[in-house]
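Worksheet for the structure shown next.
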Amino acid sequence: MMAWAHAGYGYGPHMGWGWGWLGWLYPFLFLVLLVLGVYLVARALAPKQENRALEILKERYARGEIDKETFERMKRELA
């Protein structure tokens, strides 16, 4: 049984955890993909800033703070 363990079937320098720099590549790659995935999900769920300005303009028009001409002019300027 000892001969079998020394024949390269254990966790020696060429098996299992002994992959050298490749042993760190896969966990690092996994971590990078995980962070990228979280970033993309957060970015997709965040409210769009350019749409917020138009929403504020519509709210001001609906409350009567600005007239129709001012609303149309500001809407063109935002586009």
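Read-outs: derived from the displayed coordinates by stated rules, not from any lab. The model shown is predicted, which means the values in this text are computed figures rather than measured ones. Ideal geometry is used to build each Cβ from the backbone, glycine not excepted, and the neighbour counts take in all protein chains shown.
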- Message: I want to check the label-to-label distance for residue 71 and residue 33. Put each point 7 Å from Cα in the C-beta direction and report it in nm to one decimal.
- Response: 5.0
- What is the list of residues in region 39-63 whose amide nitrogen lies under 18 Å from a point 7 angstrom out from the Cα of residue 79, following Cα to Cβ? 50-59, 61
